[in-house]
Every structure is written in structure tokens, then in C-alpha cells.
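First the structure, in the form of C-alpha cells, and then the observations on it.
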Amino acid sequence: MIVRIMGEGQVRLADSHFAELDKLDDELLAEMEGGDEPGFRRTLHALLDAVREFGEPLPDDALEPSELILPSPDATLDEVREMLGDEGLIPS
Amino acid sequence: MSGVMKRMGMLFRAKANKALDRAEDPRETLDYSYQKQLELLQKVRRGVADVATSRKRLELQLGQLQSQSSKLEDQGRKALALGREDLAREALSRRAALQQQVTDLETQHQTLQSEEEKLTLAAQRLQAKVDAFRTKKETIKATYTAAQAQTRIGEAFSGISEEMGDVGLAIQRAEDKTAQLQARAGAIDELMASGALDDPTGMAKDDIAAELDRLSGGTDVELELQRMKAELAGGSTQQQAIEGGGAQQQPQGQQPQQAPQTQQPQNQQQTPPDFGKH
């Protein structure tokens, strides 16, 4: 599966890693919804590190759609919440 | 999986689709271009059919003229046998005019046949081009679909502005248009190269040529008269020689050049050059 880290690029991840990543991802969502900024930042970095560790980077000129997308490492909780809001990632 | 990763991915795809819906779709342009090429191919095919029809019509006319020509020859022979040299002269005179028409029609027929062959070849080449374009079109469409989605992702996440996206679309449109124009220009080149755009019936003659033909026709009448007289007189050796020569000469229209050497070096042969000077 192709995962994009915003601002960094894409990596290809083997399915075997998703159980662990899913756990971190759900945790991240819970922290975001609960407004736990420090927890959110910690989990986000853990998730990104895991993706980078397990994933194989795709070349910059590769043309493959991403199936999963992660915020950039410096994204704040508010920014991510905004991105997941009505306006979404691409302004209408 | 229902975390941030998944939600962002789903949300992005939904938004990207919505954004793409609003953009002009160059794939439609490709399909339109292909449709136009098919219409052009249809026109070329109709052109081939038209030329073939004209050729067949000419063949019918030729057949009729040749039949009339032999009928007049028979009439001339009968008239001469009955001692009516004036009638025989008239019949042969008419026959000479017909022979000239036959020669003209044969030339036209050859031209049309050649046009038909070229046009058929052009249609085949165009067909191959259109087929190739169809394959390329489908490839471009598929590539475009993938590239467009990826371009949108790239735009959104690497901070490239919307203008860049528009430039990408503009380039795509330009490429499509170029391909379309190239295909059309190629087709027109084919037609021009094959000569299909020329008028195959432009066979008009000038006055001098017409006058020369008339005089040459007169000479033919005299020659025919001589030949028939010889035939009636029963000079078998001479007759065979004349007939053998005449039979070969007629279809190629070479009588005025060859016949006088054996039979008629007289006054009328020298007239055409005088006309040429006027």
C-alpha cells in the first residue's frame, strides 16, 4: 500500500505492518478528537517514524495514487482537525 | 482502519474527484478528434467510390463509341461497294471523329484508373493512421486519468499552486490539439499527394490542337478510302500489309505518322506545321 507523508513524499508499505500502524492511527484520532495536543504530537511522530522505518520510499517522479495520507510532522492538532473538516484538504 | 490516515485519504479522494469534475476533460477532446478522423476517412472512401463510378461510366461510353465506329466502317465499305464514294467518305469521316473521341476517353480512363489506385492507397494509409490514433488515444486517456489524480495529490501536498495545475491541463490540451491537427494535416497531405484534389476531367484542348486534329482526321478519311479501294480492287498482298499496319496503329492514335510513309506522302500531310505557325 502507498502511504503519503505530507511534505515528505510517498512510501510503499507491506501489509504486514498495518496492524501496528492501525493501532497508532486510531490512537492519534482519539487524541485529536479529545484535544490532547501533547499526546497527538507524540503519537503522530511515532506513527511517522514507523512508516518511515517500515516503508520503502518511492521516487519523486513516481505517479501512484496514495491510499493513505498522514499529516506532516509539524502539523498541529488544529490544522489536522481543520483538514478533516468540511473544507477538507482541497478548498472547494 | 478508521484513524487519521484513512480519513484523510478518503476525504482527499472525494475532494479530488469533485475538483476534477469541474475541470475541462481533455479525454473528450481526444474522442472528438477521433470522431472527426473517422468522418474524414469516410469522405475519402466516398471519393474512391465516386472515382470508380466515373471510371465504369467511361468504360460504358467507350464500348458504345467503339461499336458505333465499327458500324460506320461497315457502312463505308458497303457504300463503296455500291459505287457511292461520297457516302463512304461521309461514313469514314464520322468514324474518324468517333475514333478521336475514343482516344480522348481512353486517356481519361487511364487517368481515372491511376487516380483510383492512388486514392485507394491513401484511404488504406489513412485507415492505418486512424487505427493507430485510436490506440494512442486510449493509452493517453488511461495515462491521463492516472496522472491527473496523481497531479492533484502532488498539488495538494507539496504546496504547488492551482496555477501549476492549470498549466498542466493547458499542456495536455495543447498536446491533444497538436495530435488532432497533425492527423488532419496528414490526411490532407495524403489526398494532395495522391492527386485526389486535382480535376481528373480537365482535358480541354486549345484551338490549334483542335484544328490539327480535324486535319489529321481528314487525312485518316483519305487513308481509309485508299484502303477500302485497295480492298475492293482485291490486291491481296498490298491489302494485308495495309491492314496489318492499320490494326496496330488505331488504338495508339499513330496513323498520321506511320501511314504516310507507306502510302500518302502528298499535300495534306504538310498542312499541320503551317497551322502551328499561325
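A short reminder: the numbers here are calculations on the coordinates, not readings from a lab. Since we're looking at a predicted model, the values are computed, not measured. Using ideal geometry, Cβ is built from the backbone for each residue, glycine included, and neighbour counts are taken over all protein chains shown.
The angle separating the long axis of helix A:18-34 from the principal Cα axis of greatest extent in chain A is about 20 degrees.
Legend: residue pairs A:K23/B:K141; B:K118/B:K141; B:K43/B:K71; B:K36/B:K118, Cα-Cα distance threshold 31 Å; pairs beyond threshold, A:K23/B:K141; B:K118/B:K141; B:K43/B:K71.
Counting only alpha carbon atoms, the long axis of helix A:37-54 and the longest principal axis of chain A meet at about 10°.
When you restrict to C-alpha pairs under 8 Å that are six or more residues apart and normalise by the size of the range B:62-154, the relative contact order lands at 24 percent. Legend: mean number of C-beta atoms from other chains within 10 angstrom of residue C-beta atoms, peptide A:4-10, equals 4. Per-residue Cβ neighbour counts within 10 Å put B:D31, B:D131 in the sequence B:D131, B:D31, beginning with the fewest.
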